[in-house]
Amino acid sequence: MLMICLCFLLTGDGNPKESSPFINSTDPEKNQQYDGKNMALFEEEMDTIPMVSSLLSSLANYSNLPQGSKEHEEAENNEGSRKKPVQAPRMGTLMGVYLPCLQNILGVILFLRMTWMVGIGGVIEAFIIVLMCCSTTMLTAISMSAIATNGVVPAGGSYYMISRSLGPEFGGAVGICFYLGTTFAGAMYILGCIEILLVYIVPQAAIFKMEGLEGAEAEAAMLNNMRVYGTLVLSFMAIVVFVGVKYVNKLALVFLACVICSILAVYAGVIKTAFEPPVFPVCVLGNRTLVWKGFDVCAKVIERENATVTTKLWRLFCDSEFLNATCDSYFANNNITEIQGIPGIMSGTLRENLFGNYMDKGSFIEKVGLSAAVEPDSIPTNTNRYVLADITSFFTMLVGIYFPSVTGIMAGSNRSGDLQDAQKSIPIGTILAITTTSIIYMSSVFLFGSCIEGTVLRDKFGEAVRGNLVIGTLAWPSPWVIVFGSFFSTCGAGLQSLTGAPRLMQAIARDGIVPFLRVFGHGKANGEPTWALLLTACICESGILIASLDNVAPILSMFFLMCYMFVNLACAVQTLLRTPNWRPRFKFYHWTLSFLGMSLCLSLMFICSWYYAIVAMGIASCIYKYIEFRGAEKEWGDGIRGLSLSAARFALMRLEEGPPHTKNWRPQILVLVNMDSELNVEQPRLLSLTSQLKAGKGLTIVGTALEGTYLENHPQGQQAEQSLRKLMEAEKVKGFSQVVISSNMRDATSHLVQAGGLGGLQHNTVLACWPRNWKQAEDHQSWRNFIELVRETTAASEALLVPKNVSAFPSNGERFTEGHIDVWWIVHDGVTLVHICISLLYLQHDSDISAYTYEKTLMMEQRSQILKQINLTKTEREREIQSITDSSRGSIRRKNPAAVTTQLSVTEEPAASSKEEKPEEEEQLIHDKSTNPPTPATPQSPSADAETPGTASFFFPILL
């Protein structure tokens with residue numbers, strides 16, 4: 001009868017109960033406990049709070065910082081005070097998930113590279129890129145929602161969800177990849193912030209001047225400016241985060257407002273272009289777009305006071321201001337055309353921007369549809385006057401640059417501990433944020449292609465429109481709305497990355513799964529991750545030294561894609577394995593969606609950059625193997641262990657389908673060892689021999705037997721098993737250990753032989769030592785147990801390997817140069833196994849093999865060949881072998897009848913029937929073979945009890 005007792009411990013909520021908290025109460029600390037609490041008696045009264053005031057209160061408390069930042073801020077504010085910190089109100093879906101995800105997704109790529117991507121790739125290919133990336137994040141969000149609704153959401157964000165689902169190895173590898181992605185994202189945001197500052201706001205602040213420079217010199221000057229200013233901004237942001245995250249928290253609402261206002265300004269500008277397009281003229285010479293800098297009129301000459309005078313543009317290409325001046329050949333042969341940079345949504349520009357215009361580095365940005373007169377074999381001059389392509393563009397590069405714009409979907413899950421209902425808020429808020437941003441990105445592709453001229457779209461830095469930000473030319477009421485909005489939003493995103501990445505590293509370090517990272521788990525007294533912040537700043541500086549947003553974006557794309565891929569993998573594995581603890585409440589989840597999301601992530605990794613993908617996967621693999629060999633063991637109930645169990649079950653079921661083929665046969669050894677009084681192995685060299693024979697292949701079971709009852713000797717059994725495991729690890733024997741406790745040693749050994757292995761994975765060979773002191777009459781039980789073992793292995797059709805004087809066998813680290821190994825066998829069949837044993841021993845030890853053994857092996861082969869040639873049936877061959885064996889036994893009895901008489905007198909019971917005579921004959925055969933072996937070619941023969949000093953001779957009979 002099975003009885004299940006369920007015990008429930010009823011406890012309170014932990015809050016002190018007051019009969020009248022506000023009346024006749026003089027303790028202010030007790031009254032403070034009820035501040036902000038809803039004291040309604042009925043649920044209907046809770047709906048009477050005005051929604052507007054609740055929304056304003058939520059906005060006032062809005063924070064986009066990861067979980068843990070507020071706790072550190074409160075600890076710092078309350079340091080030295082005995083007052084308990086007042087817990088911040090829990091956040092809902094809007095403030096806790098939707099707006100933080102929206103703010104993290106809409107970032108620097110939208111403002112600085114979206115228009116350029118549409119102009120280079122065309123509307124069609126740009127839409128395909130956006131669709132692929134948004135689909136990847138949506139599928140990942142579905143998988144993440146399934147994890148979030150599977151029981152209690154861990155209060156540690158995405159890293160905790162992944163590591164507790166996939167285990168410490170995968171969790172540590174993915175967590176570090178996520179950390180590196182977040183860190184390089186901070187570098188990308190800082191580079192974007194510096195680009196906006198030096199290109200669009202204050203170009204005069206450049207330390208390395210670019211005026212008058214062309215080609216590589218101008219590019220080097222720009223990169224050096226990015227490095228200098230990027231390092232300064234990074235240092236300032238790191239100091240701000242180190243001093244206190246409360247300053248970052250106070251600006252969170254400002255950064256959010258900048259993002260929302262910038263997006264609204266773009267849509268307002270698009271609507272305005274349908275009625276009154278903004279005036280942003282573009283000057284084109286022939287079909288080449290000119291940099292609008294240093295001139296005010298897009299013409300070669302103008303009429304002034306009934307006279308033709310040259311313009312500033314003329315002086316840029318000619319050596320003087322007169323009409324008879326010597327000018328650039330291309331300038332002289334082509335006309336100047338002024339086109340409208342923002343023709344408007346109703347102008348039909350979409351048709352021209354449908355298809356891509358990929359360019360090589362240094363090529364001219366040309367207006368499609370205009371002709372130009374170019375002299376053959378002419379070398380272009382004054383190239384700094386034209387808008388040039390700064391990098392070579394192709395489809396896969398656009399994917400790598402764009403993907404960071406859809407990251408940030410885990411901003412809500414990173415705040416799981418601050419949410420009122422994480423299981424409800426994370427799925428709804430994340431999916432709504434991805435849907436909103438996907439609509440914004442997809443509509444932006446069509447709106448940019450419909451409103452902006454193609455030459456302006458392909459102009460990355462807006463040089464053709466007087467140095468304005470290209471997306472800013474479309475904004476209403478002024479381009480400066482986008483410029484300042486994007487500047488502050490990138491600053492805020494950089495601060496958030498420098499705030500979130502150290503806490504992620506601190507969480508990984510405190511888990512202890514990566515030993516060399518434990519130092520980064522320490523920090524200030526309030527828990528602020530000081531050392532992790534220093535590491536983050538150093539890694540972020542390496543990204544800033546790259547100094548190019550286009551080169552940093554693919555790097556962080558790799559790390560985020562790998563993180564998203566493992567989130568999908570976690571869900572797919574948990575669902576396919578049907579683990580008991582996997583019961584997500586999210587209704588719109590299926591394992592095929594996770595598998596599709598994982599496939600998309602892997603494909604995008606190699607589409608973006610195959611060599612970056614290999615490097616990222618190599619880093620994750622190295623971290624995985626390091627944690628596997630050196631990391632701390634954690635039992636988190638992960639899905640990978642379930643996968644191993646399922647794979648093992650599947651393999652065992654396949655092995656049950658039938659016996660192995662001869663080609664697949666290999667010795668699966670059960671090693672029987674004895675334990676001394678201190679539960680240590682008496683024959684450690686037996687495992688050295690096992691290691692040499694197996695070389696880590698096949699199945700190895702090391703078993704031992706203890707005498708007694710299981711209830712009384714269970715601790716001794718555990719100690720013996722631990723001793724076996726330590727010796728197996730020392731001798732590098734890969735296998736399993738097994739301890740059997742029985743009332744007598746014979747039964748225990750029999751149980752090991754019968755019950756060893758599982759299913760089709762069972763032993764077919766038993767390795768046991770020759771019994772010690774077998775000649776002494778008072779210790780007759782040892783050789784009786786040995787004879788019983790021989791009978792049982794014969795009945796089970798298993799091979800028996802019996803080494804004698806195994807203590808003389810060299811260890812794995814010892815190279816033996818003297819002595820020889822004699823291999824003796826009792827023939828049934830199985831010359832193959834004898835060959836395997838002789839070959840292994842001969843290859844691993846340069847010992848002489850007895851010429852007698854070699855001769856007997858050849859005789860056995862010849863006998864087998866003769867039996868096959870005379871076409872005997874299987875029964876006839878067995879009968880022939882048995883007759884040879886019987887003749888051998890008869891000759892032994894005739895030569896040594898006294899040994900037979902002595903052997904029978906020692907036996908406990910006389911032979912009662914003919915069934916018992918055959919085992920006695922086998923016993924005598926083994927006995928006589930060991931005492932009087934045939935003289936081999938080698939003069940030295942194995943000793944019965946001891947070995948000759950200075951040699952390593954041991955006896956090795958094999959029963960097949």
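The values are calculated or read from the model by the stated rules, or taken from the named source; none is laboratory data. Computed from a prediction, not measured in an experiment: that's the story for all the values here. Here Cβ is always computed from backbone atoms with ideal geometry, including for glycine, and neighbour counts include all displayed protein chains. Only protein heavy atoms, including side chains, enter the accessible area calculation; ligands, DNA and RNA are left aside. Shrake-Rupley method; radii C 1.70, N 1.55, O 1.52, S 1.80 Å.
Of note:
- In the range 347-370 there is at least one residue that is part of a strand (DSSP E or B) and open to solvent by less than 50 Å² (accessible area, probe 1.4 Å).
- Inspection of the range 423-435 identifies no residue that is open to solvent by 10 Å² or more (accessible area, probe 1.4 Å) and assigned to a loop (DSSP other than H, G, I, E, B).
- Here ARG415 passes the criteria (1) assigned to a helix (DSSP H, G or I); (2) buried (at least 24 other Cβ atoms within 10 Å of the Cβ); (3) at pLDDT 85 or above except the one numbered (3).
- Checklist (1) in a strand (DSSP E or B); (2) over 18 Å from GLY462 (Cα atoms) applied to ILE339, failing item: (2)
- Per the conditions (1) at pLDDT 90 or above; (2) outside any helix (DSSP H, G or I), the sole criterion not satisfied by LEU534 is (2).
- So ALA325, is it more than 51 Å from the chain's Cα centre (by Cα) and not in a loop (DSSP other than H, G, I, E, B): no
- Within the range 682-693, the residues that satisfy the criterion of being open to solvent by 20 Å² or more (accessible area, probe 1.4 Å) and touching a Ser or Thr at 6+ places or on another chain (Cβ under 8 Å) are GLN683, ARG685.
- The sole residue among GLY708, GLY760 that is within 30 Å of PHE650 (Cβ to Cβ) and surrounded by 13 or more Cβ atoms within 10 Å (Cβ to Cβ) is GLY760.
- Residue check for ASP390: touching a residue at least 12 places away in the same chain (Cβ under 8 Å), surrounded by 23 or more Cβ atoms within 10 Å (Cβ to Cβ) and part of a loop (DSSP other than H, G, I, E, B): no
- Residue list for the range 570-594, restricted to those being part of a helix (DSSP H, G or I), surrounded by 19 or more Cβ atoms within 10 Å (Cβ to Cβ) and touching a Cys at 6+ places or on another chain (Cβ under 9 Å): LEU593, SER594
- The strands (runs of 3 or more DSSP E) falling completely within the range 720-812 that include 2 or more residues that are over 18 Å from LEU689 (Cα atoms) and of a type outside the set (Asp, Glu) map to 736-742.
- Selection status of LEU504, open to solvent by 10 Å² or more (accessible area, probe 1.4 Å), of a type outside the set (D, E, K, R) and closer than 27 Å to GLY230 by Cα: yes
- In the range 739-755, residue nearest to the chain's Cα centre (by Cα) [restricted to those that are crowded, with 20+ Cβ neighbours inside 10 Å and not β-branched (Val, Ile, Thr)]: LEU752
- Residues within the range 180-218 that are open to solvent by 20 Å² or more (accessible area, probe 1.4 Å) and among the β-branched types (Val, Ile, Thr), tallied: 5
- The range 292-316, subset surrounded by fewer than 20 Cβ atoms within 10 Å (Cβ to Cβ) and touching a Lys or Arg at 6+ places or on another chain (Cβ under 8 Å), residue modelled with the lowest pLDDT: GLY294
Yes/no per residue for (1) out of contact with any strand residue (DSSP E or B) (no Cβ under 7 Å at 6 or more places or on another chain); (2) of a type in the set (D, E, K, R); (3) part of a helix (DSSP H, G or I); (4) at pLDDT below 95:
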position	(1), (2), (3), (4)
GLY96	no, no, yes, yes
PHE127	yes, no, yes, no
ILE142	yes, no, yes, yes
VAL152	yes, no, no, yes
TYR160	yes, no, yes, yes
THR183	yes, no, yes, yes
GLY186	yes, no, yes, yes
VAL199	yes, no, yes, yes
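- Taking first residues from the range 324-341 that are under 13 Å from SER378 (Cα atoms) and partners that are open to solvent by 40 Å² or more (accessible area, probe 1.4 Å) and among the acidic types (Asp, Glu), the Cβ contacts under 9 Å between residues at least 6 apart in sequence or on separate chains come to SER329/GLU375; TYR330/GLU375; ASN333/GLU375.
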